[in-house]
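Data first, discussion second: the structure below is written as structure tokens.
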Amino acid sequence: MDFLFPIIVANWKMYFTYNQARTWCQEHQQHFSELTKKNTLVLCPSYESLASLASLLNHSPVALGAQNCSGHTNGAYTGQIMAKSLQELNVQYCIIGHSEVRTYLSETNDQLKQKVEQLFLHNIMPIFCVGESKHEYENNMAFEKIHDQLQPLMTALEQEHHSKALFIAYEPIWSIGTGVVADNTHIHTIITYIHKLLDPYKKSHKIHTLYGGTVNGETILELKKIDLLHGFLVGKASTNFQELKKIVSLIVK
Ligand code: PGA
């Protein structure tokens, strides 16, 4: 699987209906090659739009990502999404561990380990999200929290015998959708810590780091100075095409 750094992952969450997601792609697809000249762009629509966008993005330089998957192979799991189906749809990336899924769907570390395994098995790159709450940030508990959140990933990496590529997205919860961005020193410290923790796995696997949380056309100029980052996970701002275009052009400038 080829990708060019920096990578910009558009997490569309539940902002668009099926029709809106399709219209967005149809209206802007003539600009997709412009948006992927010096970087990778991944669109992550919600599940119901994946199959349709997979055919719209066929032969397009823009890659497709999912927002979650099941940790189970198949069977009686109402409401879940099979990693194998994602693979059949040419989905190359999958966000897991997002704070909104951890909170609203009570996603656990055990489930996350199984999800990583399913994604590895189906050659889909996990975008594994971690991040501390405001309370944890203010009480110097960020390292502890991130260490705990990375446990399922580290166990899965230890047990994986093939070389895999993956992304870890550091998203402080207090910065997601709030308009407040973590300062570069804090992000740099946490990313350094993540790399240190994952160092033992780097001999076998390719591990990359992203930042997410209020990334937009205004905040990107400061954030792009963090040299340890391989890219960004962009939520709300990525649903506005002009804003996304601005982010891409400022990152690659
Ligand atoms: P935001 O969301 O860019 O809207 O803050 C980021 C995310 O949750 O991935």
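The values are calculated or read from the model by the stated rules, or taken from the named source; none is laboratory data. Predicted model only: the values in this text are computed from it and were never measured. Here Cβ is always computed from backbone atoms with ideal geometry, including for glycine, and neighbour counts include all displayed protein chains.
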- request: Report whether or not I251 is more than 16 Å from the ligand (Cβ to nearest atom), in contact (Cβ under 8 Å) with a residue 60 or more places away in the chain and in a helix (DSSP H, G or I).
  value: no
Hey, V91 farther than 13 Å from F128 by Cβ and either at pLDDT 95 or above or more than 16 Å from the ligand (Cβ to nearest atom) (or both) or not: yes
statement: Exactly one of G75, G71 is on the phi > 0 side of the Ramachandran plot, out of contact with any His (no Cβ under 6 Å at 6 or more places or on another chain) and surrounded by fewer than 24 Cβ atoms within 10 Å (Cβ to Cβ), and that residue is G75
- prompt: Scanning for something touching a strand residue (DSSP E or B) at 6+ places or on another chain (Cβ under 9 Å), aromatic (F, W, Y) and within 16 Å of the ligand (Cβ to nearest atom), does the stretch 44-55 turn up at least one residue?
  reply: no
query: Could you list, in sequence order, the residues of the stretch 127-178 that are assigned to a loop (DSSP other than H, G, I, E, B), farther than 19 Å from E107 by Cα and within 16 Å of the ligand (Cβ to nearest atom)?
result: G177, T178
statement: Residues of the stretch 197-223 being within 19 Å of I187 (Cβ to Cβ), surrounded by 15 or more Cβ atoms within 10 Å (Cβ to Cβ) and in contact (Cβ under 8 Å) with a residue 40 or more places away in the chain, in sequence order, are L197, L198, I207, H208, T209, L210, Y211, G212, G213, L223
task: Would you confirm whether any residue within the stretch 164-183 is under 15 Å from L228 (Cα atoms) and free of Cβ contacts under 8 Å to residues at least 12 places away in the same chain?
output: yes
message: Of the residues Q30, Q87, Q80, Q26, only one is closer than 22 Å to G217 by Cα and more than 13 Å from the chain's Cα centre (by Cα); which?
response: Q30
